[in-house]
Each structure stands twice: as structure tokens, then as C-alpha cells.
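This report concerns only the one structure given below.
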Amino acid sequence: MKTILSISTDPYFNLAWEEYILKNIYKDEDIFLLWQNDTSIIVGRNQNVFEEVNLDFVVKNHIPLVRRISGGGTVFHDLGNLNYSYITSAKGKINNYKLMTEDLIKALNELGIDARFEGKSDIKINGKKISGNAQSVIGDRLLHHGTLLFNSNLEKLNGVIKQKDTSIESISVKSNRSTVTNLSEYTNMSIEEIKDYILKRLVPSDQVHTLSDKDIKRIEDLKQERYLTYQWNYGESPKSTIDKNLGDYRVKASIAYGTIEDIIVIHQGTLALNISSSLVGLKCYPTELNQLLKKHPEIYQILFE
């Protein structure tokens, strides 16, 4: 098995790095990746960001939001979290999350940590989630990746990810809201010690491979072309409808490709035609609408909080 460690903590780069390796590197061999991101929110391929994420919090706190190529739910990354990826051609591992996590769980158990596989794709300790996992199949290659919360900022995590919002409807994949915990609550090891332990325990060879300058250039190109774009991160959200009351306002809106396709704003029982018409066709994004909705904070809250 080949092992590659990321040279960056930039979430836009690392999602491009992972996809590039999946599609282009060591195609006939299994690969193990270990990487970390700076504070960021990572949404699943088929998710609706307007349904899953408190966008006001994300923008005000300058938190990157990035869509990945795998399914599953929204996860929070920071430097207190480790990310691991397996890339393989073994067909029997597709959708077999228990099989794909058993080596990591066994490694944690050997440290005296009572980690267990629960549900469809989670690793938990005492019923609290420390790891979420997702997969993507491209051609004949499987990407399986997961998180490992070590000492993440759980307060920020809870500020970023919305609780279930029944005022928004879409055909998107919904996140499983779970109570989370940090692995650091159950071990005296540091995150670097855990990282080294995982590498030695999960990957028999200590040989770490590096990518060429040409590969890095192509990854940077992919980052620019896909992962830094509004179209990918927001515009790929499935079409959704919002129908919500707040204060004296009721908003009924349709959002498609990250843009307000249609909206009706009712204020104190009366159609606010000027406000409604001024919002149609705009990106449904806080900085795009902040000035326009400054005198109408309830509409802003309905859309972004």
C-alpha cells in the first residue's frame, strides 16, 4: 500500500489533492492518505448548503465551505481533526463501511479506547461520534474517507452546522445530526502521537511517497477550476424551497444553482413586491444580499441562519 501525506492544510487544495490522486496516481495499487484541514466546513456531494449550514456564521467567521466528491453528510474540519482516505480497486469494499473502518477501530481499541462502529458509517465512543465516513466510486476506483475528531473546536462545529430545518425542502441528502466528542477525552496522547501511531499501525510500510511538481501544478489547477468556485460549492446544491415565518415576515423562496429563482416576501400580511422583485436572480449568499437586506434583518435570518 502506498502512503501519501498532504503538504497543505488548505481545504480547497486538499479536496483537489485527494481527487487528483484518486484519478491519476498509482492506479494499480492501494493508497492510504492522511491529512488535516484548517477550519472549514465540508459538505457532501449531493447536499444542499442552505439546508445544512449556518451561512451567516460561516461568512462572519471566514470559514471556507467546500463540497467534496463523496456522498454523506456535512462535517467540520480544523487542525484538531485528522482525515484519512483509502483508495482501492477492491469491489467488495464498496458500501462496506464496517470493513473499511475495522482496522482503525482495532487500532484505537488496542490503546484502551472503546471505539465502536455504529449506524451506517460512524465510529463512536459511549454513543458519541468521533468519526464520520463517506465514499465515492470513480471508474474502477473506490475512495473511502473519514474524519477523526481529536481535539476539535466543538463549539464552533455546533455553530456551523444547522439543526434539522423543516422550513426548507429539497431532494438533497440530509446529514445525520449526532452528539460528538473528542478522542482527546479518552487518551493522554497528543494529536501528533496519534497521527504517528495510525501511520505505523494501519500502514505496514514506513515509506511515504511524494508527488512531483507537475502533479502539484495540476492539483492547483483543479483547485481553481472546481473547488474555489461558487458554482461547485453552492450552485451544485439541489433545488430547494424555503417557506418560513419570522417576526412580521413570511418568505417563500425557490433556490436553484445557488441563485434565488423566485421569491415572495410578505410583510404584515401584505406582499412586499419591491423587496421580492429586487432579490430574484441574485446569488443566495450573505455578502451578496447583506446590504440589500440591512433594513430587513428577518429576511436575512430566514435565508442564512
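The values are calculated or read from the model by the stated rules, or taken from the named source; none is laboratory data. Since the model is a prediction, treat every value here as computed from it, not as a measurement. Note that each Cβ is placed from the backbone with ideal geometry, even for glycine, and that neighbours are counted across all protein chains shown.
The residues listed here are 263, 299; of these, the one that is over 24 Å from the mean Cα position of the chain (by Cα), assigned to a helix (DSSP H, G or I) and either more than 22 Å from residue 169 (Cβ to Cβ) or free of Cβ contacts under 8 Å to residues at least 60 places away in the same chain (or both) is 299. Of all residues in region 207-234, those satisfying the criterion of being among the polar types (S, T, N, Q), outside any helix (DSSP H, G or I) and in contact (Cβ under 8 Å) with a residue 24 or more places away in the chain are 207, 210.
Condition (residue is among the basic types (Lys, Arg) and at pLDDT below 95) applied to region 118-126: is it met by at least one residue? For region 118-126, residues among the basic types (Lys, Arg) and at pLDDT below 95: present. Within region 139-184, the residues that satisfy the criterion of being of a type in the set (Val, Ile, Thr) and either touching a helix residue (DSSP H, G or I) at 6+ places or on another chain (Cβ under 6 Å) or modelled with pLDDT under 95 (or both) are 160, 161, 166, 168, 171, 173, 179, 180. Taken over region 235-251, the criterion of being surrounded by fewer than 19 Cβ atoms within 10 Å (Cβ to Cβ), under 20 Å from residue 164 (Cβ atoms) and without any contact (Cβ under 8 Å) to a residue 60 or more places away in the chain is satisfied by 245, 246. Screening residue 112 against (1) within 22 Å of residue 139 (Cα to Cα); (2) exposed (fewer than 15 other Cβ atoms within 10 Å of the Cβ); (3) small (Gly, Ala, Ser) leaves a single unmet condition, (1). Mind checking whether some residue in region 192-206 is of a type in the set (Gly, Ala, Ser), surrounded by fewer than 16 Cβ atoms within 10 Å (Cβ to Cβ), at pLDDT 95 or above and under 28 Å from residue 70 (Cβ atoms)? Looking through region 192-206, none of the residues is of a type in the set (Gly, Ala, Ser), surrounded by fewer than 16 Cβ atoms within 10 Å (Cβ to Cβ), at pLDDT 95 or above and under 28 Å from residue 70 (Cβ atoms).
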